[in-house]
Amino acid sequence: MVNERMYKLGSEPSAIRELFAYGMARKAEIGDENVFDFSIGNPSVPAPDAVKQAVLDLMEEPPTELHGYTPASGDPRVRATVADHIRRCYGVDATPGNVYLTAGAAAGLAISIAAISQPGDDVIVISPYFPEYKVFIESAGCTCVEVPAHVPDFQLDIEALDAAIGRKTSAVIINSPNNPVGAVYSRDNLEALAALLERKEAELGRKLYVISDEPYREITYGAEVPYVPCVYPRTIVCYSYSKSLSLPGERIGYLYVSDLMDDASEVSAAVAGAGRALGFICAPALFQRVIERCIDEPSDVEAYAANCTLLTEGLGALGYEFVEPQGAFYLWVRALEPDAQAFSDRAKAHELLLVPSDSFGVPGWVRVSYCIPRETIERSMPAFKQLMEEYR
Ligand code: PLP
């Protein structure tokens, strides 16, 4: 007999994937150029040339070594390169032993949650949130506790977090720059979170971790993105090259257990155990080596910034309400009726694929992913206009 929970997860794909699949089928039917697919966060900027060159150069290396297993936590040379990068960029004296290479941020998240929680614990997420958090949290036998972001700025709501943190809380997952709202948490806001967690640790007599999900760290439009371990020591950073170097299909990233936390070596051991228990033998070997060579490659955010301006100016002029993004490549737009699914369905009739907000944990909004060709955004404006007129 199949596992009921897994059956449900497998047979009811995420709202994002479902819309993405619909878009693929629809494009095959009526042509790519006639579908305005704002569904998925697949970077539209190509990976840097340095990545291609690194792959070509690596092909000259002995294949048994190149394509072989690496140690579970990653190739020691690559871990050392990542630790050095953290040291150079953020001034944290990172040791390679606390860097664990992962198959993207998703693996880092699943491993982190399993490493620092017991079944029955509460893991807090800030709604609206990346829907896979709930899947990873519940798979670890924990409860996903949703705490709404502070409205209208979508920063962390410290009072609401204060009320939500209790005897069963093990961690708070934060994501800045944020998917889906594009918010970047300010230093003051993160410092207030750190002060709260330190007070709560003392009150409750238990360790409270921050899991900082950072696939969009470099994708900002001018906002400062503080390094969370420098603000709150008991932080695990889940980093990914999926967006910063446009490599989502290669499944490469890392998890960093902050050296600044007093239990770092214990947490790193639990991370290794969780990776093992979850069946992550090692991160993709070839792309570990690519990262070693491309660690200082800058992210190309220009195209996303231009798309952001085009979309916000266009939708603003049409009368749509949205959250002004400070980073990532998503626009959080108020649905024109309370039922986000119904609104997304009506948008579909105009070939606009907008993800309803329900699976992000809140009603009444849609996520518009703008990591797409600029021309698609330009050509979508009449459809957005007709959609708005339908509601007038
Ligand atoms: N976290 C957030 C907020 C994301 O948006 C994504 C992907 O879109 C991930 C994690 C997973 O990224 P990765 O491809 O690195 O596993």
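For the reader, a short list of remarks on this structure follows.
- Filtering region 328-346 to residues that are part of a loop (DSSP other than H, G, I, E, B) and in contact (Cβ under 8 Å) with a residue 40 or more places away in the chain leaves Ala328, Phe329, Leu336, Glu337.
- A single member of Glu389, Glu378 is out of contact with any Lys or Arg (no Cβ under 8 Å at 6 or more places or on another chain), touching a residue at least 24 places away in the same chain (Cβ under 8 Å) and among the acidic types (Asp, Glu), and it is Glu378.
- The criterion of being surrounded by fewer than 17 Cβ atoms within 10 Å (Cβ to Cβ), in contact (Cβ under 8 Å) with a residue 12 or more places away in the chain and either in a loop (DSSP other than H, G, I, E, B) or within 16 Å of the ligand (Cβ to nearest atom) (or both) does not hold for Pro325.
- Looking only at region 19-57, and only at residues there that are β-branched (Val, Ile, Thr) and open to solvent by less than 50 Å² (accessible area, probe 1.4 Å), the one that is nearest to Glu297 (Cα to Cα): Val51
- Matching residues, region 129-142, being assigned to a helix (DSSP H, G or I) and either open to solvent by 20 Å² or more (accessible area, probe 1.4 Å) or farther than 22 Å from Leu190 by Cβ (or both): Glu132, Lys134, Val135, Phe136, Glu138, Ser139
- When Thr169 is tested against the conditions (1) polar (S, T, N, Q); (2) out of contact with any helix residue (DSSP H, G or I) (no Cβ under 6 Å at 6 or more places or on another chain); (3) closer than 28 Å to Ser369 by Cα, the lone failure is (3).
- Whenever a residue of region 212-231 is free of Cβ contacts under 8 Å to residues at least 12 places away in the same chain, it has no partner that is more than 16 Å from the ligand (Cβ to nearest atom) and part of a strand (DSSP E or B) lying with C-beta atoms less than 8 angstrom away and at least six residues away or across chains.
- Residue in region 108-128 that is among the β-branched types (Val, Ile, Thr), surrounded by 23 or more Cβ atoms within 10 Å (Cβ to Cβ), away from the ligand (no atom under 16 Å from the Cβ) and in the same structural domain as Ile165 (by the TED database) present: yes
- Helices (runs of 4 or more DSSP H) contained in region 198-300 and holding at least 1 residues within 22 Å of the chain's Cα centre (by Cα), more than 15 Å from the ligand (Cβ to nearest atom) and among the hydroxyl-bearing types (Ser, Thr, Tyr): 264-277
- Within region 1-21, the set of residues being aromatic (Phe, Trp, Tyr) and under 23 Å from the mean Cα position of the chain (by Cα) comprises Phe20 only.
- Pairs meeting the criteria (first residue in region 135-155 and of a type in the set (Val, Ile, Thr), second residue in a helix (DSSP H, G or I) and open to solvent by less than 40 Å² (accessible area, probe 1.4 Å), beta carbons under 8 Å, at least 6 apart or on different chains) are Ile137/Ile113; Thr143/Ile137; Val145/Ala164; Val147/Ala160; Val147/Leu161; Val147/Ala164.
- Selected residue (criterion: surrounded by the fewest Cβ atoms within 10 Å (Cβ to Cβ)) from residues of region 143-199 that are polar (S, T, N, Q) and more than 18 Å from Pro128 (Cα to Cα): Ser170
- Residues being touching a Cys at 6+ places or on another chain (Cβ under 7 Å) and buried (at least 21 other Cβ atoms within 10 Å of the Cβ) - total across region 217-252: 1
The values are calculated or read from the model by the stated rules, or taken from the named source; none is laboratory data. Note that the coordinates shown come from a computational prediction; the quantities given were computed from them, not determined experimentally. Note: ideal-geometry Cβ built from the backbone for every residue, glycine included; neighbour counts use all protein chains shown. The accessibility values were calculated without ligands, DNA or RNA, using every heavy atom of the protein model including side chains. Shrake-Rupley method; radii C 1.70, N 1.55, O 1.52, S 1.80 Å.
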